[in-house]
Amino acid sequence: MPGDGASQSDALAAAPAGTAFVRARGVRKAYRTGEREVAALRGADLEIAEPGFYGIMGASGSGKSTLLYLLAGLDRADAGEIEVGGARIDRMSEDELTLHRRRRIGVVFQQYNLLPTLTALENVMLPGILDGMARGPLEARARELLGTLGLAERATHRPEAMSGGEQQRVAIARALLFGPPVLFADEPTGALDSANSERMWRMLDELARERRMVVLMVTHEPAAAAHCRHVFVIRDGVVAGGFETKGMHASDLVVRASGLGGPAR
Ligand SMILES: Nc1ncnc2c1ncn2[C@@H]1O[C@H](COP(=O)(O)OP(=O)(O)O)[C@@H](O)[C@H]1O
Ligand SMILES: [Mg+2]
């Protein structure tokens, strides 16, 4: 953490800083349902060594969500190395992984996963409460994040009293509580209309730039990928390639991605 007075007095500054870095090497994952086995990942490789907003595209069922889950430490790979935020998560114990997930990474999904009985502020504070943080600095940090995401006026609202876009921004504020160097998002705008989706993509790009984070987003929307600096394409459980998206129109992006991803199934 930078050593200014404000952050030294902040109890949350004690959380490990980590680095904006993501690497997968030879990652494999199969799901067994009864007699059947589905190989979701067959040796996926990916490396991100610079902060920024990155995308993962690919046909439905190609393994995008599985890769994101494994990178986020929500499930274990069958084989392969995974390094996230400066730590080898494939070598961690369950307890280490739990702390890593809480403090060093953020995750958001299509569903906002907010607790319906808690206010926006309480939802954002929840990971800090679970981590035993002192209430004062925790609340200050949560309010600051809600403000950053344009939700200062919504602090005391419960999820049901907020729009989908607002709820997703609360979920992002919660994911940013510990100032993680890496944020994972799986189709975060899947339930939002196009105006709110655009706003969300611009916001994720800004967060990545201003906080020097890696933001890695699974998406099937070319308009979303156009906001990313680089897009990885998954095909049949491997990362088939990637390309820079700078200056690319959404329509060119579709052509480029489908060239790497094969026909949609
Ligand atoms: N929990 C699960 N149990 C069984 N099969 C699964 C499970 N999750 C994913 N799969 C299968 O693994 C493959 C990859 O799925 P997924 O990673 O969700 O793809 P994507 O996100 O690209 O649509 C698909 O064939 C899917 O049916
Ligand atoms: Mg998916």
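Every number here is computed from the coordinates shown, using simple stated rules; none is lab data. Bear in mind the structure is a predicted one, so any value in this text is a computation, not a measurement. Using ideal geometry, Cβ is built from the backbone for each residue, glycine included, and neighbour counts are taken over all protein chains shown.
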(message) 5 Å is the cut-off here: which amide hydrogens, built 1.01 Å from N in the peptide plane, fall below it relative to ALA79, excluding neighbours closer than 5 in sequence?
(response) ARG28
(request) Sticking with the crude label model, points 7 Å out along Cα→Cβ, report the distance from GLU244 to ASP78 in nm, one decimal please. (result) 3.7
(request) Take every DSSP beta bridge with both residues inside the chain and express the antiparallel ones as a percent of the total, to the nearest 5. (result) 55
(request) Using a Gaussian network model of the chain whose springs link C-alpha atoms within less than 10 Å, name the residue from SER62, SER197, SER163 with the highest mean-square fluctuation. (result) SER163
(message) What distance in nm lies between label points placed 7 Å from Cα along the C-beta direction at ASN113 and ARG212?
(response) 2.8
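With +1 on each Lys and Arg Cβ and -1 on each Asp and Glu Cβ, how big is the dipole of the chain about its Cα centre, in debye rounded to the nearest 20? Before the final figure, lay out each step's value.
Numbers: 32 positive and 33 negative charges, 53 e Å.
Here the size comes out at about 260 debye.
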(request) Quick one: among ARG229, ARG103, ARG32, which has the greatest mean-square fluctuation in a GNM of the chain with alpha-carbon springs under 10 angstrom? (result) ARG32
(message) In the chain, if the dipole is taken from +1 on Lys/Arg beta carbons and -1 on Asp/Glu beta carbons about the Cα centre, which of ALA185, VAL38, ALA152 is farthest to the positive end?
(response) VAL38
(request) Note the full-extension length gain between ARG23 and THR156 as 0.36 nm times their separation in residues minus their Cα-Cα distance, in nm to one decimal. (result) 44.0 nm
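Taking 0.36 nm per residue of separation and subtracting the Cα-Cα distance, what length does fully extending ALA49 through ASP193 add?
Values: separation 144, 0.36 × 144 = 51.84 nm, distance 3.21 nm.
Net length gain for the segment: 48.6 nm.
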(message) Output wanted: per-residue J couplings in Hz (rounded whole) for the stretch 184-190, from phi through Karplus 6.51 cos²θ - 1.76 cosθ + 1.60, θ = phi - 60°, x for Gly and Pro.
(response) 9, 9, 9, 6, x, 10, x
(message) Residue by residue through the stretch 77-84, what is 3J(HN,Hα) from phi via Karplus (6.51 cos²θ - 1.76 cosθ + 1.60, θ = phi - 60°)? Round to whole Hz and write x for glycine and proline.
(response) 6, 6, 7, x, 10, 9, 10, 9
